[in-house]
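Readers should treat all values here as calculations from the given coordinates under stated rules, not as data from a laboratory. Please read all numbers here as calculations on a predicted model, not as lab measurements. FYI the Cβ positions are ideal-geometry reconstructions off the backbone, even for glycines, and counts take in every protein chain you see.
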Amino acid sequence: MRIPLVALVATAGLLLVACGGDSTEAEAPDGTRWVGSGRVVVAVPDWWTTGETRCLLPVEDTVYWDSGAVADCADVPARSEVREASTLAVLDAEHGYAEHLLTQMDPAGAVDGREVVELDGCDAWIPDVCRHVFAVPSEHVVLAVTIADEADGDYQEIRDSLRILPDGRTTVPLDIHGTTPTWGAEPAYVDHLTRALEDAGLQVEVATIPAEDLTPGSLLEVEPALGSVVDEGATVTVTVAG
């Protein structure tokens, strides 16, 4: 799904202030989709999934919420599996590890009148994995990008797509009880999801369809997807197993 937003002007990797303050609307670049948190969004490859994690670690090319927590989990993915994932991790700049990262970042220009900061080099969050990190402190959002293969996307293009949504636009929450649920999430997480959507001022419709081998009430789909751009007060459909 493509959401209209403004294109970012960038020169030599330096983010510049868009003329006139808030962004006007424009299409996401071909082959990408807008995702983010609050009013902060970037364009990622449109084949990247949402919330494909195991034990809080990414296992596919995906967009997910990173709470900075470590899971007490029996099925922790191997490092080799994590290293193969290209990802956009979204973190809360006011808490935990993201707050620590923010203290290490340097000014890197501005976007739509907001200061942008960036980490020099890599955040070695797991051995042999390089995360490039930048943030919009005033919006309390930190973004961490990992590119495992050059065919999966380009960090600089993702960074340079950064923008602030205009008034009346927002994103579907990615942070659902400290993680981003995906297909098959248990009914308890669907309850957390519904509350998070309502707390964000969005309307929720629940649809039920038959699904074998899943507990009734387990998550099948969220439309628009978590992290997607929507109008404030928009309706989000949560489809669960019947």
| query | In the chain, with Lys and Arg counted as +1 and Asp and Glu as -1 at Cβ, which of these residues, ALA151, TRP125, VAL41, has the Cα nearest the positive end of the dipole, that is, farthest along it? | reply | VAL41
| For GLU221, residues with placed amide H under 5 Å, excluding near neighbours | THR239
| field | MRE, 222 nm, helices only [DSSP H, n ≥ 4, -39500 (n - 2.57), over the chain, to nearest 500] | value | -3500 deg cm²/dmol
| query | Among THR215, VAL111, LEU193, whose Cα lies farthest out toward the positive end of the dipole of the chain, if unit charges sit on the beta carbon of Lys, Arg (+1) and Asp, Glu (-1)? | reply | VAL111
| remark: Taking Cα atoms only, helix 187-199 is inclined relative to the longest principal axis of the chain by an angle, in degrees rounded to 10, of 40
| message | Whole-Hz ³J(HN,Hα) for each residue in segment 159-173, computed from phi via Karplus 6.51 cos²θ - 1.76 cosθ + 1.60 with θ = phi - 60°, x for glycine and proline: what do you get? | response | 4, 6, 7, 3, 7, 9, 5, x, 3, x, 10, 8, 10, 5, x
| task | Tabulate in residue order the Karplus-calculated ³J(HN,Hα) for segment 177-183, using 6.51 cos²θ - 1.76 cosθ + 1.60 with θ = phi - 60°, rounded to whole Hz; enter x for Gly and Pro. | result | 6, x, 8, 10, x, 9, 3
| Normalised per residue, the volume of the convex hull around the Cα set of segment 203-242 (Å³) | 53
| remark: Amide H proximity to ALA26 below 5 Å, modelled H, separation 5+ or other chain, gives LEU5, VAL6
| query | Using unit Cβ charges (K, R positive; D, E negative) and no other charged atoms, how large, in debye to the nearest 20, is the dipole of the chain about its Cα centre? | reply | 260
| remark: Hydrodynamic calc, segment 95-196: Kirkwood Rh from Cα pairs, then Stokes-Einstein at 10 °C with viscosity 1.306 mPa s, so D in µm² s⁻¹ is 101
| query | Given H placed 1.01 Å from N in the peptide plane, which residues other than close sequence neighbours of ALA148 have an amide H under 5 Å from its amide H? | reply | SER86, THR87
| remark: Here segment 113-118 yields Karplus 3J(HN,Hα) values (6.51, -1.76, 1.60; θ = phi - 60°; whole Hz; Gly and Pro given as x) of x, 10, 5, 10, 10, 9
| How do 224-236, 188-200, 118-130, 41-53 rank on mean C-beta neighbours within 10 Å, highest first? | 41-53, 224-236, 188-200, 118-130
| remark: DSSP beta bridges in the chain: the antiparallel percent, rounded to 5, is 75
